[in-house]
1. Inside region 84-95, can you point out the residues that are under 17 Å from VAL69 (Cβ atoms) and either modelled with pLDDT under 85 or more than 16 Å from the chain's Cα centre (by Cα) (or both)?
2. Conditions first: (1) out of contact with any strand residue (DSSP E or B) (no Cβ under 8 Å at 6 or more places or on another chain); (2) within 19 Å of ALA96 (Cα to Cα). GLN63 passes all but one, so which condition is the exception?
3. Can you name the helices (runs of 4 or more DSSP H) wholly within region 23-104 that have at least 3 residues being surrounded by 17 or more Cβ atoms within 10 Å (Cβ to Cβ)?
4. List every residue pair whose Cβ atoms sit under 6 Å apart, with the two residues 6 or more apart in sequence or on different chains, where the first one lies in region 49-67 and is closer than 22 Å to GLN89 by Cβ and the second, anywhere, is aromatic (Phe, Trp, Tyr) and surrounded by fewer than 20 Cβ atoms within 10 Å (Cβ to Cβ).
5. Assuming ASN93 fulfils every condition listed in (1) of a type in the set (S, T, N, Q); (2) free of Cβ contacts under 8 Å to residues at least 60 places away in the same chain; (3) under 18 Å from ALA6 (Cβ atoms) apart from one, which condition is it?
6. Tally the residues that are in contact (Cβ under 8 Å) with a residue 24 or more places away in the chain, part of a helix (DSSP H, G or I) and either closer than 17 Å to ALA44 by Cβ or more than 12 Å from the chain's Cα centre (by Cα) (or both), restricting the search to region 7-22.
Amino acid sequence: MPLRSARRYLVLKNLHDANTLMAHVLQLYTLDNGEPAANAVLPAPDGGAPVTLTPVPLLNFCQLLLRTVERTAPQSFTQLRSAYQQQLQLNPNFAAVCAALRTTWHG
C-alpha cells in the first residue's frame, strides 16, 4: 500500500508529499511495533531523511526508492529494483508502478 500511495505523489513529481506520506506510514508502523533499534536507522549521507529499516521489505523499498528519486540516480533505481525483485513480484502491479516511476523520474 505505501508504494501505491507514494506513486501518486511521485508521478506528479511531488517528492515532498511522498516523503511526508512515508514519514506517516513509518510513524504508524512504530506505534504498532515499537521503536526501531538504533542500528536500524541509516542516516542519509546527503542530509536527507534517514532510512528506518523494518522487517517489512516493501517499507524498506519505498524509503530507498524515495532516496533514489531524490538523488536522480537511474543506476541506483535499477539496482534497487533488482535487490527487491522477489518482493516486487508478489504483486504484478508493482512492475507497472516501477516502470511508470522510472519513466517519470529518469526518462
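The values are calculated or read from the model by the stated rules, or taken from the named source; none is laboratory data. Just so it is clear, the structure is predicted and the values come from calculations on it, not from any experiment. Here the Cβ is made from the backbone with ideal geometry for all residues, glycine too, and neighbour counts use every protein chain on show.
1. Of all residues in region 84-95, those under 17 Å from VAL69 (Cβ atoms) come to 84, 88, 94.
Once the filter is applied, which keeps residues that are under 17 Å from VAL69 (Cβ atoms) and either modelled with pLDDT under 85 or more than 16 Å from the chain's Cα centre (by Cα) (or both), region 84-95 yields only PHE94.
2. (1)
3. Working: elements: 57-71, 74-83, 85-88.
Of the helices (runs of 4 or more DSSP H) lying wholly inside region 23-104, those with at least 3 residues that are surrounded by 17 or more Cβ atoms within 10 Å (Cβ to Cβ) span 57-71, 74-83.
4. Short answer, once both residue conditions are applied: PHE61/TYR84.
5. So ASN93 meets the others, but not (2).
6. Within region 7-22, the first condition is being in contact (Cβ under 8 Å) with a residue 24 or more places away in the chain, and the residues that meet it are 7, 10-11, 13, 15, 18-19, 22.
Then drop every residue that is not part of a helix (DSSP H, G or I), which leaves 7, 10, 15, 18-19, 22.
This time we only want the ones that are either closer than 17 Å to ALA44 by Cβ or more than 12 Å from the chain's Cα centre (by Cα) (or both), so: 15, 18-19, 22.
Qualifying residue count for the region: 4.
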